[in-house]
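Down below is the structure, laid out as C-alpha cells.
The values are calculated or read from the model by the stated rules, or taken from the named source; none is laboratory data. Just so it is clear, the model here is predicted, and its values are computed rather than measured. Note that we place each Cβ from the backbone using ideal geometry, even for glycine, and neighbour counts take in every protein chain shown. Note: areas computed on protein heavy atoms with side chains; ligands, DNA, RNA excluded. Shrake-Rupley method; radii C 1.70, N 1.55, O 1.52, S 1.80 Å.
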Amino acid sequence: MNTLTVAELKRRGMAAIEEGLRRGPVHIVKRNRPAAVVLSEGDYQRLAQGKAAAPSGVTAMQWLLSQPAAGKRSKARIDADLKAGCDW
C-alpha cells in the first residue's frame, strides 16, 4: 500500500503527495489509523463516472468478463497469430 503519514505530509507538503501519486492512490495515515485517500484527477474522474472497482461478491473472472472489449483484433486474427507463434 502506498502510504503517507500526516507528519510527513506536514513536513514535505504537496511534493510528498505528488511523489506518492506516481505509484497510485496515496493512503494518508493519522495516529497509525487510515484517515484519507488521495487520488489522481484521472482516478477520481473514473470513480465519478461510475467506473469503480468490482462490487463485493463478484469474482475476478466475473468482473473481467463484464468489462467492455477494448481490443481491435478479431478472435480469428488472435487465433491465427497464436498459431503462427507471433511475438507482439
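Odds and ends about this structure:
- The residues in the stretch 37-50 that are over 15 Å from M14 (Cα atoms) and either of a type outside the set (F, W, Y) or in contact with a helix residue (DSSP H, G or I) (Cβ under 9 Å, 6 or more places away or on another chain) (or both) can be counted, and the count is 8.
- Scanning the stretch 25-44 for residues that are assigned to a helix (DSSP H, G or I) and open to solvent by 50 Å² or more (accessible area, probe 1.4 Å) returns E41, Y44.
- The stretch 1-24: number of residues that are open to solvent by 50 Å² or more (accessible area, probe 1.4 Å) and outside any helix (DSSP H, G or I): 5
- Search result, residues across the stretch 2-28 that are polar (S, T, N, Q) and in contact with a His (Cβ under 8 Å, 6 or more places away or on another chain): N2, T3
- Within the stretch 6-55, the set of residues being over 30 Å from S66 (Cα atoms), β-branched (V, I, T) and under 21 Å from the mean Cα position of the chain (by Cα) comprises I17, I28, V29.
- Residue that is modelled with pLDDT under 90 and touching a Leu at 6+ places or on another chain (Cβ under 8 Å), where the choices are L47, L64, L39: L47
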